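Visitor: The structure is given below, and queries will be raised subsequently.
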Amino acid sequence: MSGRRKFTALAAFNDTSAIGAIRALQDLGLRVPGDDSVIGFDDIKVAAFNNPRLTTIRQPLSNMGRIAAQCVLNQLNGSERFRKQITVEPELVVRESTRAVDQGTQAGSAKKSKSTPKSGTGFAGTD
């Protein structure tokens, strides 16, 4: 890559793509998270063992399954009408592939800082 850097972070639609992006950035001689941060989605098992370990968003799959099953059972026994939207809260799993960037800092030259993990409760509620 040449010229001015245009970004400091990449958000992939899943962990597999994020791991591929990390590899591509490393193949270009870039450091993750030194030059660019990368975040995935799903928290697949290999994400915790990648180099660097992948920051990702974990979906509360067990809770989602429980909610879906309860909705089906409620509809089958007629105790509840169809709900259009149910919201669950994901969890941000901070690992090694991301870093904080100061406002106003140019891409690729931000100072490294320690991130604090943020966690969700799983089930946020229903409409």
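The values are calculated or read from the model by the stated rules, or taken from the named source; none is laboratory data. Quick caveat: nothing in here was measured; it's all calculated off a predicted structure. Glycine also receives a Cβ, built like all others from the backbone with ideal geometry; neighbour counts cover every protein chain displayed.
Visitor: Quick check: anything in the stretch 100-119 at pLDDT 90 or above, crowded, with 17+ Cβ neighbours inside 10 Å, of a type outside the set (D, E, K, R) and touching a strand residue (DSSP E or B) at 6+ places or on another chain (Cβ under 8 Å)?
Guide: No, that holds for no residue.
Visitor: Out of the residues in the stretch 1-55 that are of a type outside the set (A, V, I, L, M, F, W, C) and part of a strand (DSSP E or B), which is nearest to Ala100 (Cα to Cα)?
Guide: The residue in question is Ser37.
Visitor: For Asp43, indicate whether it is in contact with an Asp or Glu (Cβ under 8 Å, 6 or more places away or on another chain), crowded, with 18+ Cβ neighbours inside 10 Å and either modelled with pLDDT of 95 or more or of a type in the set (A, V, I, L, M) (or both).
Guide: Yes; evaluated as a whole, the condition is true for this residue.
Visitor: Please list, ordered by first then second residue, the pairs with beta carbon atoms under 9 Å, 6 or more apart or interchain, first in the stretch 80-92 and loosely packed, with under 12 Cβ neighbours inside 10 Å, second aliphatic (A, V, I, L, M) and assigned to a strand (DSSP E or B).
Guide: Hits for this filter: Thr87/Ala124.
Visitor: Taking into account only those residues within the stretch 84-99 that are farther than 23 Å from Ile44 by Cα and assigned to a loop (DSSP other than H, G, I, E, B), which is modelled with the highest pLDDT?
Guide: Gln85
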